[in-house]
Ligand SMILES: Nc1ncnc2c1ncn2[C@@H]1O[C@H](COP(=O)(O)OP(=O)(O)OP(=O)(O)O)[C@@H](O)[C@H]1O
Ligand SMILES: Nc1ncnc2c1ncn2[C@@H]1O[C@H](COP(=O)(O)OP(=O)(O)OP(=O)(O)O)[C@@H](O)[C@H]1O
Ligand code: SF4
Ligand code: SF4
Ligand SMILES: [Mg+2]
Ligand SMILES: [Mg+2]
């Protein structure tokens, strides 16, 4: 068991390394290959009215004269062991895990990311709760009443839900509930949970629902398919033959059997969502990781982008690990032979 | 408590057969037409007796057993006729009434014990669940009961095995566990649908023994469904032979094996290599294939395959549906041939062929 | 080729499947000893059957003999030629000489191909142009197995189980094989249909002089069709004999127990017959018991059974009656 977790963790580390390499390559190797010199790259990170000398100095301090693999290695070393960074006059110790300093603002990356994490996390977790409850219950009902009006209506809506773009539903929701009706706070407002749970939930309500709508559609379809399959299993017939009330048959025997694929997808979705709710965050003006990633990409702020990618990769990996462990909880055949 | 035990004093004073099925019809509406899976079937089983139902695949055996248990959930199923368990009518009864009888007064074991048990719950858990629906006892008491039941069906060291999952059991043990689960509420009616088909001969023999022993102990009414004439010969007091959703022949085991009277039953006996007789040169198959239950042949459903229909005067085999009439001593046969002639054919033509 | 020489000789055949742990530690340290040292030979024109409980290695043996599987060790000789080590590329001629009939007539036929295409497939695969053309040949095969030549353009789903099994048989006959290995050819069929297929197989054997290796668990069917019978238990042959010899004088306790457990459709036999009741189930082939593999369920087991593996040797007066037991039945 322990060995298994270790192996999974190693795989996760591998994934993170590969992802960071790819990101690195996109931002450093590609421009180099396209013919950009270290100086042209460095121009982006100095003021508009800078001299050639300052550009060179900047390029030097950013390490742009090193070959790309060396630059990558330096970055990796920072993550693993920490590093010393010179900010012009003096050098500062950046302890591990050091994600470096923003090229743009010169601020350390990690605190910035950690600052934004709660926002993204809040968004994801609230939406997840809503979409799980909504999606799974609609899916179950649809499966039980297969072919009924409810089923057909729900599945048509689900199809629509999957295909509706979030900036459209998001903007629509925002304009109706916030600007016209004034029920919810306008976009751009976020209160940390620790300050006021009520305000926190209130501000996030619209983004939650918008995001959840998209996902619940997918989950409803998934649940419905899973339930249809399990409800025709022999063990469901056995459960009925025992004289169990239909409610118990569905909840205890049917749903449990249909859970595995839902859990799988959920792990992936949730992990990814932490760093990729870009559209939702930008529509609702939430200062989350997705928004940060977009901004930093636009600014060519490589350390920041790398930091976000790294964090998301870690989240996906952890979520997958949790899913695998959940399998063992759900299905005893995984854990006992 | 009264809700949990529907056995009212009146009901338990009921005399006569414990299970009585009369003119049962189960039809399914499908896109291709009406599937007449069971079409006018009657039989009865008393406590302490075993009824065997035999027939080919698709003859309606499982549909019958599911109807008795009230397990036809699909909306396209139409059930009519009468099913009485312990004097209580089940056809048309509220779902909840039938549900409370399930597991409590009537229980069922299925063909494939691996797929019939939930893979995610322990064997003990599943027995406890069956017991606690109908008995208001603590979890601890129910668990003790589950261990006791596992012990009674012959699971070695039940105290350790109670927490195992179905996949950790062998096929025979699973079927034992399934039986333990079915018997946990001490039902008076046990329906076994192909209980040994998925098992090996040596294990099959163990399970058949077990069912027989438990029946003596619990004095219950047992319905055993199978396509294996050997299995019913081992267990059954009475036998119903089904063909295309109807009863072809019905009698005591002695009547059926001693002097079978329906051409289909003769055909079945001729098709089987006999283990207990010197090997024959050739088997005597029934020609053709079983009919579709959507287009059951007019008249006698067996007529396209019957080699004796020409001996019935006129076209009765193709026009009139034969009823299962008494051929003496409660032996019922659904065939237009006169009883005397059937006896003659059996004695002169069939029995020598089979020997 | 010498006609007296056996068509098929199997010697010390072994197949172990490494077990991939489904659990959390996926290490392949153990192996399913599916077939573990099996030897037998099959004469030309005879029906040799292998019986035994589920999981004892019957199908694996069949697949080794047809080289659908490569053995872990041991030899399989067809017509004197060792085929057990032939590389995949050189198996093509073998695929003509040895054909297999499968248990499930529903899944073994491609539902999107017409009957003509299915039955004619061996011609295409082996690049054979039969006299009178492929279509003629297929239609002849169809009538040979009791189907109508008009069925040529129909699809499998239009046929009943028995008819599908006939289609499968027609396909195996296309290239006039020397040996047909039939793995539970009738188990999935109804009794009344089983008889039709069993008769067909027998007729074909008489007509075409076929040799069968038949795998089955139904002891009544096996007795009806076989000339010789081998009984397998946990990957090993425990007894081989001529049919009547085996059924009338079983020497191995397991054979005796199995035969006595067959339910018989006769109520009078209920009381008369003497039953040997075995305890427990077949142990796991991953970790078979030492010594005689049957000792955990055998009522005659003694100390020697638990430690020493009994060899498969001639027992009793009947020639070719072999059993692997320290204390064989006397009768
Ligand atoms: N829900 C259903 N809808 C339509 N047809 C059905 C349904 N359930 C059963 N049938 C049909 O009813 C017929 C009888 O089926 P049943 O399962 O009773 O056969 P059986 O005698 O138990 O056969 P087997 O030996 O194969 O188990 C079959 O033709 C089957 O296709
Ligand atoms: N590809 C495989 N990988 C691993 N184990 C296998 C494989 N094929 C078969 N086995 C195992 O080998 C053993 C023998 O299997 P085999 O299919 O030969 O049995 P059988 O005698 O044909 O049984 P049955 O009567 O159930 O068909 C079984 O324990 C089976 O689980
Ligand atoms: S009624 Fe006619 S067709 Fe039917 S079984 Fe009797 S003789 Fe045969
Ligand atoms: S060797 Fe011993 S254990 Fe094995 S079958 Fe013979 S008597 Fe039984
Ligand atoms: Mg059935
Ligand atoms: Mg097999």
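Derivation of every value follows stated rules applied to the coordinates shown; laboratory data play no part. This structure is a prediction, so every number in the text was calculated from the model and none was measured. Methodologically, a virtual Cβ is constructed for each residue, glycine included, from the backbone with ideal geometry; neighbour enumeration extends over all protein chains shown.
For the protein assembly as shown, rounded, prolate or oblate, judged on the Cα gyration tensor with a ≥ b ≥ c (square roots of eigenvalues), a/c < 1.5 rounded, else prolate if a/b > b/c? The shape class here is prolate.
Across segment A:222-266, the residues whose backbone nitrogen lies under 20 Å from the label position 7 Å along the beta-carbon direction of residue B:135 are A:239-245.
Taking square-rooted eigenvalues a ≥ b ≥ c of the alpha carbon gyration tensor, is chain C rounded, prolate or oblate, where a/c under 1.5 means rounded and, failing that, a/b exceeding b/c means prolate? Cα axes put chain C in the prolate bin. Measuring between their Cα centroids, segment C:114-160 and segment B:197-244 lie 43 Å from each other. Working from label points 7 Å from Cα in the Cα-to-Cβ sense, the residue C:91 to residue A:70 distance is 5.6 nm. Counted over chain B, the DSSP beta bridges are approximately 60% antiparallel.
Neighbouring Cβ atoms from other chains, within 10 Å of the Cβ of residues in B:243-255, number 1 on average. Mind telling me which of B:141, B:334, B:180 comes out most flexible in a GNM of chain B, alpha-carbon contacts under 10 Å? Highest fluctuation among the options: B:141. Counting only other chain Cβ atoms within 10 Å of each residue's Cβ, the peptide B:160-173 averages 3. Restricting the calculation to Cα atoms, segment A:110-336 yields a radius of gyration followed by a Dmax of 19.8, 65 Å. Comparing mean-square fluctuations of B:115, B:309, B:37 from a GNM of chain B with C-alpha springs under 10 Å, the top value falls on B:115.
Using Cβ counts within 10 Å as a stand-in for footprinting exposure, how do B:240, A:329 rank, fewest first?
Going from least to most buried by this count: A:329, B:240.
Taking B:195, B:119, B:17 as the candidate residues, the one with maximal mean-square fluctuation in a Gaussian network model of chain B, Cα springs under 10 Å, is B:119. Normalising the average separation of contacting C-alpha pairs (under 8 angstrom, six or more residues apart) by the number of residues puts the relative contact order of segment B:117-186 at 46 percent. When all alpha carbon pairs of chain B are counted in 10 Å bins from zero, the resulting P(r) reads 5, 23, 31, 24, 12, 4, 0 %.
Ranked by the mean number of other Cβ atoms within 10 Å per residue, highest first, peptides B:72-78, B:105-111, B:302-308 order as B:105-111, B:302-308, B:72-78.
What is the calculated FRET efficiency for residue A:105 to residue A:137, with r their C-beta to C-beta distance and R₀ = 60 Å, to the nearest 0.05? After rounding to 0.05, the efficiency reads 0.85.
For the segment B:222-232, counting C-beta atoms of other chains within 10 Å of every residue's C-beta and taking the mean gives 2. At a Förster radius of 25 Å, what calculated FRET efficiency corresponds to the Cβ-Cβ distance of residue B:213 and residue B:163, to the nearest 0.05? My answer for the efficiency is 0.45. Between residue C:300 and residue B:349, the FRET efficiency from the beta-carbon distance, with R0 = 30 Å, is close to 0.05. For chain B, the relative contact order comes to 19 percent (Cα pairs under 8 Å, sequence separation of at least 6). Mean projection of the Cα convex hull over all viewing directions, computed for segment B:117-186: 4.0 nm². State whether segment B:260-354 is rounded, prolate or oblate according to the following rule on the C-alpha gyration tensor (a ≥ b ≥ c being the square roots of its eigenvalues): a/c under 1.5 gives rounded; otherwise a/b larger than b/c gives prolate, and the remaining case gives oblate. Judged from the Cα gyration tensor, segment B:260-354 comes out oblate (a/c at least 1.5, b/c at or above a/b). Here segment C:280-331 and segment A:283-313 have alpha carbon centers that stand 72 Å from each other. Contact order for chain A, expressed relative to its length and based on alpha carbon pairs under 8 Å spaced 6+ residues apart, stands at 22 percent. The packing ranking of peptides C:252-258, A:316-322, C:274-280, highest mean first, is C:252-258, A:316-322, C:274-280, where packing means the average number of other beta carbon atoms within 10 angstrom of each residue.
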